[in-house]
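One structure is given below, encoded as structure tokens.
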Amino acid sequence: MNKKHIVLSAAILAGLIPAANANPVSRRANITGGGGSGRCTIEVKVDHAAEVEVSGDIGFLTTIAGQPAEWRRFQCNMPLPSNPVDFRFVRINGRGDVRLVQDPRSTRGSAVVQITDPQGGRGGYTFDLQWRTREGGGFPMARVIRMCQDSVTDRLNQSGYQYVMFDGTAPSDNPGRHDRITGTASGQRRFSTTWFSFSCSVDFSSGRIHSVDIRRR
């Protein structure tokens with residue numbers, strides 16, 4: 001192979017490496033706590049450049065350049081809603097540049113944070129996403145979500161399912177007086193686990209649960 005072919009092959013390989021790193025790594029938030037205001041704390045390790053996208057209770061970490069970025073923590077007290085109020089991006093630590101490049105208030109609930117790490121090796125970065133859920137107060141979103149989950153748990157317990165666990169619970173994208181909270185849950189019966197999809201019809205202004213629909217997946 002002559003020198004021209006070697007240079008061409010190296011250039012093709014260099015073009016393929018960033019594309020391979022561009023595959024996002026998803027992670028579901030660990031939802032704990034509650035309160036009237038929402039917050040997600042995110043911690044990642046980045047070598048050169050990466051982006052973090054958060055939508056609902058799902059995060060996507062995309063490596064733009066350098067070694068693959070790594071998730072360290074994704075902790076929220078509620079999912080990021082499609083219509084956050086008083087949204088704030090708060091940088092906590094990190095040796096490089098961290099900035100919000102996509103505001104969820106203009107993208108129906110999708111926030112994107114870009115991280116540029118200037119030094120060699122992976123560096124740790126931590127930041128918060130903070131918001132209120134709705135204009136004019138209303139019932140705290142976290143409490144409504146918990147009330148929906150409690151209603152689902154009671155229904156499944158009555159049907160003989162124990163150890164009910166929730167894997168993703170979030171408000172729907174169509175705010176109104178009678179909105180919906182949807183998600184998935186699992187329950188155990190006779191040493192086997194069954195998965196369900198559920199939907200709660202709720203009034204966010206009062207926190208009242210109108211109805212609960214549960215379907216086996």
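The values are calculated or read from the model by the stated rules, or taken from the named source; none is laboratory data. Here the structure is a predicted model, which means the values were calculated and not measured. Because the Cβ atoms are built from the backbone with ideal geometry, glycine has one as well, and the counts that use them run over all protein chains shown.
Test ARG108 against the stated conditions and say whether it is surrounded by fewer than 17 Cβ atoms within 10 Å (Cβ to Cβ) and over 19 Å from THR41 (Cβ atoms). Spelling it out, ARG108 is indeed surrounded by fewer than 17 Cβ atoms within 10 Å (Cβ to Cβ) and over 19 Å from THR41 (Cβ atoms).
Check whether at least one residue in region 22-37 is among the polar types (S, T, N, Q), more than 29 Å from MET165 (Cβ to Cβ) and in contact (Cβ under 8 Å) with a residue 12 or more places away in the chain, and report yes or no. No - not one qualifying residue is present in region 22-37.
Based on this model, can you work out whether GLN130 counts as part of a strand (DSSP E or B), at pLDDT 95 or above and not acidic (Asp, Glu)? Here the answer is no, as GLN130 does not meet what is asked. The C-beta contact set for region 46-57 (first residue touching a residue at least 40 places away in the same chain (Cβ under 8 Å), second residue buried (at least 20 other Cβ atoms within 10 Å of the Cβ) and charged (D, E, K, R), distance under 6 angstrom, 6+ apart or interchain) comprises VAL46/ASP117; HIS48/ASP117.
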